[in-house]
Amino acid sequence: MPARHSAPILPLQLLRRLVPRAEREEVLADVQTEYAGRVATDGRQLADRWLWQQALASAPALLRWSWWRGVRGFEPLANNYRPGGPMLKHVLADVRYATRRLMARPSYSLLAIVTLALGIGGTTAVFGVARPLIFDALPFAHEKEVTAFWFGGSWTENEFTYLRDKFPGYKTVAMYRHNDVTLRDDGAPARLLRAISSSADIFDVLGAHPMLGPGFKKGDDAVGAEPVVILSYGLWQELGAKQAIVGTRLTLGGTPRTVVGVMPRGFWFPNPSVRVWLPQPINPEGQNGSFQLIGQVAPGLDVYHMEAQTAALVTLLRERFTYVEEWDKTRNAHVDPIREDLLGPMRPALVATFAAMTLILLIACTNVAALMLGQLEGRASELAVRSALGANRRRLAQPLVVEALLIGLASGVMGAAFAVFGFGTLARALPLGTFGETASFDWTLFVAAMSFAMLAVLLVVLVPSVSMLRRQHANLQNVLSLARTGGVRGAGARVERGLVVAEVALAMLIASGAALLVRSVTNLYAINPGINTEGVAVIDVAASGGTPASQRDQAFNELATAFQAMPGVQSVSYAMRLPLRGNSNSFGITLAGEGPLEKSSTFFRMVSQDYFKTMGIQLKRGRLFQSTDKLDSTETLVVINEALAKKYFPNLDPVGRFVGGGLHEQQRIIGIINDVAEGALLDPNKPARYYLATQVWMGNNASFVIKMKDPRHAENMLTPLRQTVATKTPLLALLRTTTMQRVFEDAVGPARQIMTLLSLLSALALVLGAVGIYGVLAHFASRRKRDWAIRVALGLPGSRVITNILRQGVSLIVVGVVLGGVATMGLSRFLSTMLYGITGVDALAFAGASAAVLLTGLVAAFIPARRAGTVDPALILREQ
């Protein structure tokens, strides 16, 4: 017999784990004997190789055999084995048992799955919208090195030219502004493209490079340079996606431009709606204050700590430039990381919505935990007997965990479906602008849904598992006795009451936040913007750059005539810029004989003759524009607002007097109108001048306002108005269509949209809270039904039973409302940026939210209370 040699440990350990216990020692002995013989004949190296081959070749068959036996649940005691073994058999048995229990209780199963799916689906959809805006990197390499300068949209070419090589602490600084252009292709009607005009080094600052073509080069932004353009990936696709497009020419804004680049898929700046980037011919003396500055900080500097460099820049500005008070760039100077500048305004809305959906998910988890706890109460006898027969903690908890996992998996799949269908609606409902319009669904949301589902399962199973494990050491006789009497004194009732208080508090938190926003938005809607927003349609159009003024004006007049001829239209006019659309277009003012006024400027607007009538703006003194007012080179007519009259003519009648500045020096005031919110809704009234469009016009864009005879028809007229633009005036490209009511709602700000979302979510929270209250009180009434039946049989009125159960529910609801109110006061600061006219501790908002929660809770509590109070006691006692 060959001498014994020690075999390698690892292959023997593998075989020991795989071979059934009954045959293990015999098989291993045979293997070692064979191994010793091979060592003697072939050497240790070949023997080791043979042993490894045997172990690895046998593993698949042994694993397959172990798995199949575990699935069938057949495992004779004499053949007990480890791999897959008892644990696998028990898990599979628990899966089958939990599946049977869930199928046998379809109402409980469906309620638990749908409840969790609502929370999971909503949270997943919000996460899918928020992830690219909060968590994903921006689509350019220098994100962490780029800052945006203060006073965005007001820097001039003159300032940029002077500072271009002097910005302290910056490697490169670029400027840009929005400059939408029209695209004319093969004689088709012009279409408008969102575009950016910038200095040639903007992509160097961002760290972005074209997918095709060389991109901008130094000197492309010089006056007189050859016109070039860089296209977005999406526009390149629309134009045929040809590689040879680089070097070809496109007519944009009336100017033929050579394509020098195509940006890669997924790139955007400053938002996803921009499809064209143009070099801005920089005039060193240009005073057009409409540019934004961004800069790449120098190596070794941090974008969050640029205070010293900003102070040095302010010193340079103060030495060279003098500013009017409203546009003083030496005040409040700061820079923001580019991410904060581009996406920061959207963060409060996303965070508030995500927090609300997380609370909804917690309420759903609380509901399902209460449902499972109620089911656990009904299994008290079973669990007590299993514990008495020797089941340990793992074996007691494992079936419950498996049941929760099955519910979680089903909820995750259903929640993912909810997220798919709700994603687009949610993205458009949030105040995200073009980011919401371009948000796209991807399948990572399914992973997110399953992750939220598993997290929810952990929360759901925690309470019933702890409650069940506490009973493991309880006296068997006491447990059986409590099960027999309905668990009147059971500890589970206290846990259930705690869960009800928690979900009421969470519902109160959401409802209070919605109530605060409702109050705030109500205050905003109460502001008078100085115009009539009802029944007015808005059509924004643009002519191609370089269009002769006579052709442009003719196109505007033809379109106004076409609109006026449409049925249901009362009046039509147009303006360079409409109220409530931001603080743009202003210049200094002079008074006759006094010279320029120090540190002062006014808004200026160009409007057609019937503009004031169409917009519902009231004449206070003098007259408005008339059809007899014609272009006069020696005198320009102007209408001013009350704010200008009060500021510059405090003790005089300004009608008939002259002002200057910005345009012709001779501007005769012919009338005074009421103040209009020309900038933002919450801005104080600012001086403004209005010029007649036939005398003065700037730019190629115009906003038409069409007042309807029936205000209800404004929304329905948008489609016919769009068709009229497309068929009547091919020279003009349609920018957008809306109504003045929508313009006003946009001016109200994101609080309006968040209010709507939170109101819907608070309604969902109240429904889920009502389900939880109903379930717990129904279980409470069911546990004590024998007690109630005996008392009613002895003469207790049924109304007393209803009152008793209602008292239990009301006490829980009140405690939850108080806790939720306290939590709201602590967290209201997160909503403070969206509140207007109220504080985070508003009595009316809290009263409304409390009333809604209490009323919902009372309705939910009354249903099981009435059922318990009207049941026939004889039936209950007969069941017992």
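The values are calculated or read from the model by the stated rules, or taken from the named source; none is laboratory data. Because the structure is predicted, anything quoted here is derived from the model rather than measured. So basically every Cβ, Gly included, is an ideal-geometry build from the backbone, and we count neighbours across all protein chains shown. Heavy atoms of the whole protein, side chains included, go into the accessibility calculation; ligands, DNA and RNA do not. Shrake-Rupley method; radii C 1.70, N 1.55, O 1.52, S 1.80 Å.
Observations
- Meets criteria (open to solvent by 30 Å² or more (accessible area, probe 1.4 Å), out of contact with any His (no Cβ under 9 Å at 6 or more places or on another chain), farther than 13 Å from residue 504 by Cβ and without any contact (Cβ under 8 Å) to a residue 60 or more places away in the chain) for residue 866: no
- Residue match in the stretch 417-425 (condition: part of a helix (DSSP H, G or I), within 29 Å of residue 461 (Cα to Cα), within 17 Å of the chain's Cα centre (by Cα) and free of Cβ contacts under 8 Å to residues at least 60 places away in the same chain): yes
- Among residues of the stretch 10-36 being open to solvent by less than 20 Å² (accessible area, probe 1.4 Å) and part of a helix (DSSP H, G or I), the one that is farthest from residue 57 (Cα to Cα) is 36.
- As a summary of the residue check, residue 459 satisfies the conditions (1) open to solvent by less than 40 Å² (accessible area, probe 1.4 Å); (2) over 30 Å from residue 138 (Cβ atoms); (3) modelled with pLDDT under 80; (4) not charged (D, E, K, R) except for the one numbered (1).
- Restricting 373, 350, 313, 362 to those that are of a type in the set (A, V, I, L, M), open to solvent by 20 Å² or more (accessible area, probe 1.4 Å), farther than 30 Å from residue 212 by Cβ and touching a residue at least 60 places away in the same chain (Cβ under 8 Å) reduces the list to 362.
- Condition broken by residue 550, with the remaining ones in (1) in contact (Cβ under 8 Å) with a residue 12 or more places away in the chain; (2) more than 18 Å from residue 734 (Cα to Cα) satisfied: (1)
For (1) open to solvent by 10 Å² or more (accessible area, probe 1.4 Å); (2) at pLDDT 80 or above; (3) in a strand (DSSP E or B), each residue gets a yes or a no:
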position: 546; (1), (2), (3): yes, no, no
position: 550; (1), (2), (3): yes, yes, no
position: 562; (1), (2), (3): yes, yes, no
position: 566; (1), (2), (3): yes, yes, no
position: 574; (1), (2), (3): yes, yes, yes
position: 584; (1), (2), (3): yes, no, no
position: 599; (1), (2), (3): yes, no, no
position: 603; (1), (2), (3): yes, yes, yes
position: 613; (1), (2), (3): yes, yes, no
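- Among the residues of the stretch 327-347, those that are part of a helix (DSSP H, G or I) and either of a type in the set (Lys, Arg) or surrounded by fewer than 15 Cβ atoms within 10 Å (Cβ to Cβ) (or both) comprise 339, 344, 347.
- Among the conditions (1) at pLDDT 90 or above; (2) surrounded by fewer than 18 Cβ atoms within 10 Å (Cβ to Cβ); (3) within 22 Å of residue 588 (Cβ to Cβ); (4) touching a helix residue (DSSP H, G or I) at 6+ places or on another chain (Cβ under 8 Å), residue 674 misses just one, which is (3).
- In the set (1) in contact with a helix residue (DSSP H, G or I) (Cβ under 6 Å, 6 or more places away or on another chain); (2) surrounded by fewer than 21 Cβ atoms within 10 Å (Cβ to Cβ); (3) modelled with pLDDT of 85 or more, residue 580 fails one condition alone, (2).
- In the stretch 632-662, the residue that is modelled with the lowest pLDDT out of those that are more than 50 Å from the chain's Cα centre (by Cα), part of a loop (DSSP other than H, G, I, E, B) and under 30 Å from residue 550 (Cβ atoms) is 633.
- Any chance residue 161 is among the hydroxyl-bearing types (Ser, Thr, Tyr) and open to solvent by 30 Å² or more (accessible area, probe 1.4 Å): yes
- Failed item in (1) open to solvent by 40 Å² or more (accessible area, probe 1.4 Å); (2) at pLDDT 90 or above, with residue 284 passing the rest: (2)
- The listed residues are 504, 521, 500, and the only one of them that is more than 30 Å from residue 155 (Cβ to Cβ), open to solvent by less than 10 Å² (accessible area, probe 1.4 Å), modelled with pLDDT under 85 and not charged (D, E, K, R) turns out to be 500.
- Residue check for residue 439: within 16 Å of the chain's Cα centre (by Cα), modelled with pLDDT under 75 and surrounded by 15 or more Cβ atoms within 10 Å (Cβ to Cβ): yes
- Filter result (out of contact with any Gly (no Cβ under 8 Å at 6 or more places or on another chain), open to solvent by 10 Å² or more (accessible area, probe 1.4 Å) and among the hydrophobic types (A, V, I, L, M, F, W, C)) within the stretch 527-542: 527
- Test for residue 313: is it within 21 Å of residue 207 (Cβ to Cβ), modelled with pLDDT of 90 or more and within 38 Å of the chain's Cα centre (by Cα): no
- Qualifying residue in the stretch 720-730 (condition: of a type in the set (S, T, N, Q), farther than 23 Å from residue 525 by Cβ, open to solvent by 10 Å² or more (accessible area, probe 1.4 Å) and in a loop (DSSP other than H, G, I, E, B)): no
- Strands (runs of 3 or more DSSP E) (entirely within the stretch 152-216) containing at least 3 residues that are within 24 Å of residue 298 (Cα to Cα): 170-178
- Criterion (part of a helix (DSSP H, G or I), out of contact with any Gly (no Cβ under 6 Å at 6 or more places or on another chain), without any contact (Cβ under 8 Å) to a residue 24 or more places away in the chain and within 30 Å of residue 500 (Cβ to Cβ)) met by exactly one of 764, 768, 760: 760
- Among the conditions (1) of a type outside the set (S, T, N, Q); (2) touching a helix residue (DSSP H, G or I) at 6+ places or on another chain (Cβ under 9 Å); (3) closer than 17 Å to residue 575 by Cβ, the only one that residue 684 does not satisfy is (3).
- Residue within the stretch 288-307 that is open to solvent by 50 Å² or more (accessible area, probe 1.4 Å) and either in a helix (DSSP H, G or I) or among the hydroxyl-bearing types (Ser, Thr, Tyr) (or both) present: yes
- Test: residue in the stretch 136-143 that is under 20 Å from residue 253 (Cβ atoms) and either modelled with pLDDT of 85 or more or open to solvent by 50 Å² or more (accessible area, probe 1.4 Å) (or both): no
- Qualifying residue in the stretch 275-283 (condition: of a type outside the set (Val, Ile, Thr), closer than 26 Å to residue 223 by Cα, more than 34 Å from the chain's Cα centre (by Cα) and not in a helix (DSSP H, G or I)): yes
- Any chance residue 681 is under 35 Å from the mean Cα position of the chain (by Cα), assigned to a helix (DSSP H, G or I) and closer than 22 Å to residue 612 by Cβ: no
- Some residue of the stretch 122-131 being part of a strand (DSSP E or B), among the aliphatic types (A, V, I, L, M) and in contact with a Ser or Thr (Cβ under 9 Å, 6 or more places away or on another chain): no
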